[in-house]
Amino acid sequence: MAKLLSSPCSPSSSTSFYSFHNGNLCYPRKLNSSPSKSHLFKWAPKIFARIQLRSHFELNSSNGHPLNAVSLQDEGSATNPQAEELRLLEIEEDSTLSITVVGASGDLAKKKIFPALFALYYEDCLPKNFVVFGYSRTKMNDEELRNMISRTLTCRIDKRENCDNKMAQFLKRCFYHSGQYNSEEHFQELNCKLKEKEGSRLSNRLFYLSIPPNIFVDVVRCASTKASSTTGWTRVIVEKPFGRNSESSSELTRCLKQYLTEDQIFRIDHYLGKELVENLSVLRFSNLVFEPLWSRNYIRNVQLIFSEDFGTEGRGGYFDNYGIIRDIMQNHLLQILALFAMETPVSLDAEDVRNEKVKVLRSMRPLQLEDVVVGQYKGHSKGGKSYPGYTDDPTVPSNSATPTFAAAALFINNARWDGVPFLMKAGKALHTKRAEIIVQFRHVPGNLFKRNFATDLDKATNELVLRVQPDEAIYLKINNKVPGLGMRLDRSDLNLLYKARYPREIPDAYERLLLDAIEGERRLFIRRDELDAAWSLFTPMLKELEERKIAPELYPYGSRGPVGAHYLAAKHNVRWGDLTGEE
């Protein structure tokens, strides 16, 4: 069968660069250092400033290497910055990037993908020559697509500048083609339109599959045979869910790899692109105060909490096929856990980081049903307003037992984490919207001030909290003396609130991940063996849960979730960090 052309990018053949926009650093990225056939590019206006800066100071790229470090592959060009500038200019002029959003009329495309592409364009993080195509079954023309996109684009990045002009320029590069997802003829027509926009330049093509997983393979088959690049690279971003269990996930991967190589498949989990998740490794590996404490010797438990204050709201039909465990825990929360618990990688190159994540996943004890609590929200009236239950959603079967809430205790069987419970909790229609990583440290041995805490030693426990959303923050809960003549202790926060410390807008996760995919950086995408290891942890428990038809515990809309979650935490001598009343 036809294969899409593989990208020649690899960590060993790349040199890192920063780009600048109005004096500000754009995202740190990697640029392939092989000759122009490398098919990678950068925008020309920033190149000379970037090279000039090398002689003034050293910066680190996203993979940790100094920008002005000379690799063996790049030795010749680094000694001649002018020649390097000319070479990069030639690459950019001779290549073009075509981004096709498959499923362009869907909510994800409208609310996330197109706005992220505009943000990258606004920040000059896209190459000079690029076009964006929308593809879906919906009948519309180029102008109708532009009108649809324009309603979700904002000037949020820099409100002082007039971004209307930028918006108009971006929309002129957006086009549309209507077609069936399983029609090779329609993808051939798309290919003709792409070639018309690309001209004679070397073409690199990125397909974003913003579609249900049951049509992934049809789209990839048609794109591979009729719309892949013949001169540059072709890459495909695949959205979760990646199957429903180990078997369906393996089958999906097997089918995709009939047409794609592993290096061309970018399995996206947008939580890996969130700022606080990216900062997790920096916090741990670049601060001496934390790394020595990062083990069972000092950490009592780790909590990964995800909650939404709204229900399914119209997407119950999709959600009912998967449930909260498959939708949130098996991917978002488990990926964060792997990043948190992994050993120090050899480097920050993609394969080194993903190797360590896989080791963590393979060291974990498969989930047991007795370590899991499931719940489902029911209707509730509060303040004169009625909130519908999950089964009140017209798209959900009235007898559905799909969990909208789950809590689980996981364990890592290795020397660093043996015996430390990692508690996950995820739910819809809860009392608050949040995503947090909470690290509870052990009690101070022989604490001189324990009588000041009465019998509640948990209040004397230090906590490190990384609030992923909303209002990104990192804070450390410490014990402190209240000023005065007496000896009264207080629990205080050392707080880094991002919006106070960093007034500049934080990039959306999709911006970071789209740019990574364009540049061939795979560190924040999920490798096949990661996916297999993740499903192996959850599949036996999910199978037992469904075969035994275990009814979820009901909890009121807007509450803190089912009571069973508290019993689960107590079983492992843990108090949930989000229920302390210190919000």
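The values are calculated or read from the model by the stated rules, or taken from the named source; none is laboratory data. In this text, all values refer to a predicted model and were calculated from it rather than measured experimentally. Here the Cβ positions follow ideal geometry from the backbone for every residue, glycine too, while neighbour counts run over all protein chains shown. Side chains included, ligands, DNA and RNA excluded: accessible areas come from the protein's heavy atoms. Shrake-Rupley method; radii C 1.70, N 1.55, O 1.52, S 1.80 Å.
Here are some notes:
- Surface exposure of segment 94-239, expressed per residue as accessible area with a 1.4 Å probe, stands at 39 Å².
- Here is the list for segment 208-286: trypsin sites (Lys or Arg not before Pro) lying in DSSP coil, each with at most 16 other C-beta atoms within 10 angstrom of its C-beta, are 257.
- For segment 347-487, relative contact order (Cα pairs under 8 Å, six or more residues apart, normalised by length) works out to 15 percent.
- Computed in the context of the full set of protein chains, the accessible area of segment 367-521 at 1.4 Å probe radius has 51% of its extent on carbon or sulfur.
- When you filter the trypsin sites (Lys or Arg not before Pro) in segment 545-580 for DSSP loop state and at most 11 other Cβ atoms inside 10 Å of their Cβ, you are left with 548, 549.
- The charge dipole of segment 452-583, taken about its Cα centre with unit charges on the Cβ atoms of Lys, Arg (+1), Asp and Glu (-1) only, comes to about 440 debye.
- Order of exposure, largest accessible area first, which applies to 155, 174, 192 with probe 1.4 Å: 192, 155, 174
- Taking a sphere under 13 Å around the Cβ of residue 189 and counting the other residues whose Cβ falls inside, with K and R at +1 and D and E at -1, yields a net charge of 0.
- Within the straight-line cut-off of under 16 Å between alpha carbons, the aspartates and glutamates reachable from residue 433 are 308, 309, 313, 471, 472, 578, 582, 583, sequence neighbours fewer than 8 places apart in one chain being disregarded.
- When the surface is traced with a 1.4 Å probe over the full set of protein chains, residue 512 keeps roughly 20 Å² accessible.
- Against the empirical curve 2.2 N^0.38 Å, the C-alpha radius of gyration of segment 481-580 lands at a ratio of 1.76.
- Cα centroid of segment 287-314 to Cα centroid of segment 464-514, whole Å: 14
- Links that overshoot a 29 Å alpha carbon limit, given the list 359/428; 274/385; 111/543; 128/193; 112/425: 359/428; 274/385; 111/543
- Dipole magnitude of segment 161-314 about its Cα centre (Cβ charges: Lys, Arg +1; Asp, Glu -1), debye to nearest 20: 440
- Formal net charge of residues neighbouring residue 411 (Cβ-Cβ distance under 10 Å; K, R +1; D, E -1): -1
- Phi angles of segment 547-562 translate, via the Karplus equation with coefficients 6.51, -1.76, 1.60 and θ = phi - 60°, into HN-Hα couplings of 5, 7, 6, 6, 6, x, 6, 7, 9, x, 4, x, 8, 8, x, x Hz per residue; Gly and Pro are given as x.
- Relative to the compact-globule estimate of 2.2 N^0.38 Å, the Cα radius of gyration of segment 94-239 comes out at 1.01.
- Cα-centred dipole magnitude for segment 272-571, charges only on beta-carbon of K, R (+1) and D, E (-1), debye, nearest 20: 1160
- Formal net charge of residues neighbouring residue 359 (Cβ-Cβ distance under 15 Å; K, R +1; D, E -1): -2
- Segment 325-358 and segment 186-210 have Cα centres separated by 34 Å.
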